[in-house]
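The values are calculated or read from the model by the stated rules, or taken from the named source; none is laboratory data. All of these numbers come straight from a predicted model, not from anything done at the bench. We place every Cβ from the backbone using ideal geometry, glycine too, and count neighbours over all the protein chains shown. These area figures cover heavy atoms from the full protein model, side chains too; ligands, DNA and RNA do not enter into them. Shrake-Rupley method; radii C 1.70, N 1.55, O 1.52, S 1.80 Å.
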Amino acid sequence: MNYYMKEIETAPRHELEALQSFRLAQKIRYIYDRVEPYRKKMDEAGISPDDIKSVKDLSKLPFTTKQDLRDSYPYGMFAVPMSEVVRIHASSGTTGKQTVVGYTQKDIDIWAECAARSLVGLGGDKNDYVHVAYGYGLFTGGLGMHYGAEKLGAVTIPASAGNSMRQLEMFRDFGSSIVCMTPSYAISLIEFARENGFKKEDFNLKAAVCGAEPWSEEMRREIEDGFGLKAYDIYGLSEIIGPSVSCECVEQCGMHVCEDHFIPEIIDPDTFEVLPAGQQGELVFSCITKEALPLMRYRTRDIATLIYDKCKCGRTLVRMKKPQGRTDDMLIIRGVNVFPSQIEAALLSFDNKATNYLLVVDRADNLDTLEVQIETPAQIVGSIADLQAYEKKAKAAIDSAIGVGVSIKLKEPKSLNRSMGKAVRVVDNRKIKNKFEG
Ligand code: DLL
């Protein structure tokens, strides 16, 4: 099987839309007949499946949110009986009750196809050794890329995350050529490799497939230099399917969405209006081929932009720009919107780059405060003058990037937590205070 599906991936937009319209109309009828919460929502909105004939009608449909999944926890939004479900995954539930997602065998096949297409898009083939260092388990990262790599026919290495020494020894001894891991784990492995005498030349790595959390272009350069490879962005979320909803191709200029399976829209998160191409807003996805949990107009909370121009690689599939972050991760500091990824980019924009940081938000005298804790880059530990100069530089870079004054706290090297999966970058003490203040 060839996982460059040229006919679909380079189809003219009208052809792609015709396919999407056909699948959407069918799927709406399927959902209406099978999923009670959807039927209720559509009835309440006065929409019948007959009103949805093409992608142009998509905006008539009500949105689905994480709350809907929580309200029907665990299986209430599934469209098939549990006897048809062959796998479940679940979100970590750090911001509330965990949400459970399910897959039929056909869903697993679609997912593996999307992941195989992603790997091909970034230059992979059956001769590759795909080292999967995303966590295996209820998180979709590990198994998602695993099945994709197997479908491609590559040698699949199910390493999972953690145990940095063994990861690096496996890279070296097993000949890993493509490694799938979170960007923060990549940074942590690079640091570990340097400290333990590994050199880039010890490895045969050509690509890293990084996602599951926001990461900046500056972080990409750190990963590419650190391992001597190309780092590609991959996006996905459990509710839609997992990794490979979209992925960058070799051009590294936005992630191609598997639009034959998932239709993206960008909305204004406040007015819910659909925004024109090129405008930044909240990403919304509709699943038009899935069986077990085909969510419609699912609000991802991710802030991104869609680009419809044809890519240099020849694919016409819409590209999404690197998500800047999630609306629920966006900090509002003294009225200004701040994404952690902006601070990351600032910290990596000058010499002596700091890759480990933590943002501590608080309130003093009714004013928000933002403290940026930075692990002091190893090169400047020692001289007080150097430390002061570094602190000044970091503050200036961050203040100008976000437009709000921050305070800097330099920390000892290695004093902040290292991440094997999704990094935790923010501690918002205001939330704790609000809770106690009622
Ligand atoms: O993180 C799936 C995944 C695994 C994607 C491995 C890529 C690689 P969830 O745990 O459900 O699924 O988290 C989904 O993670 O809504 C985004 O906020 C964030 N996210 C995922 N990929 C990216 C990315 C997986 N490339 C949530 N850039 C999403 C920025 C990302 N954020």
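Some notes on this structure:
- For residue 206, a cut-off of 30 angstrom between C-alpha atoms picks up these lysines, skipping any fewer than 8 places away in its own chain: 6, 126, 151, 230, 310, 312, 321, 322, 353, 414, 422.
- Between residue 18 and residue 54, the contour length at 0.36 nm per residue exceeds the Cα-Cα span by 12.2 nm.
- Rounded to the nearest 500, the helix-only mean residue ellipticity at 222 nm of the chain stands at -10000 deg cm²/dmol, with each DSSP H run of n ≥ 4 adding -39,500 (n - 2.57).
- Measuring nothing but protein heavy atoms, the accessible surface of the stretch 1-55 at 1.4 Å probe radius is 51 percent carbon and sulfur.
- Restricted to Cα atoms, the chain shows a radius of gyration and a Dmax of 22.3, 72 angstrom.
- Considering all different alpha carbon pairs of the stretch 185-319, the Kirkwood hydrodynamic radius works out to 16.4 Å.
- Taking a straight line from the alpha carbon of residue 409, these aspartates and glutamates sit under 20 Å away, with near neighbours fewer than eight places off in the same chain left out: 344, 351, 362, 368, 371, 375, 386, 391, 399, 428.
- Karplus-derived 3J(HN,Hα), 6.51/-1.76/1.60, for each residue of the stretch 347-353, Hz, glycine and proline x: 5, 9, 8, 9, 4, 6, 5
- If you wrap the Cα atoms of the stretch 215-286 in a convex hull and average its projected area over all directions, you get 6.0 nm².
- A simple spin-label model places the labels of residue 224 and residue 364 4.0 nm from each other, with each point 7 Å out along Cα-to-Cβ.
- Principal axis dimensions, the stretch 1-122 - Cα atoms, whole angstrom, descending: 40, 35, 29
- Here the alpha carbons of the stretch 293-438 define both size measures, Rg and Dmax, at 18.4, 58 Å.
- Partner aspartates and glutamates for residue 199 [C-alpha distance under 12 Å; skip if fewer than 8 residues away on the same chain]: 169, 191, 225
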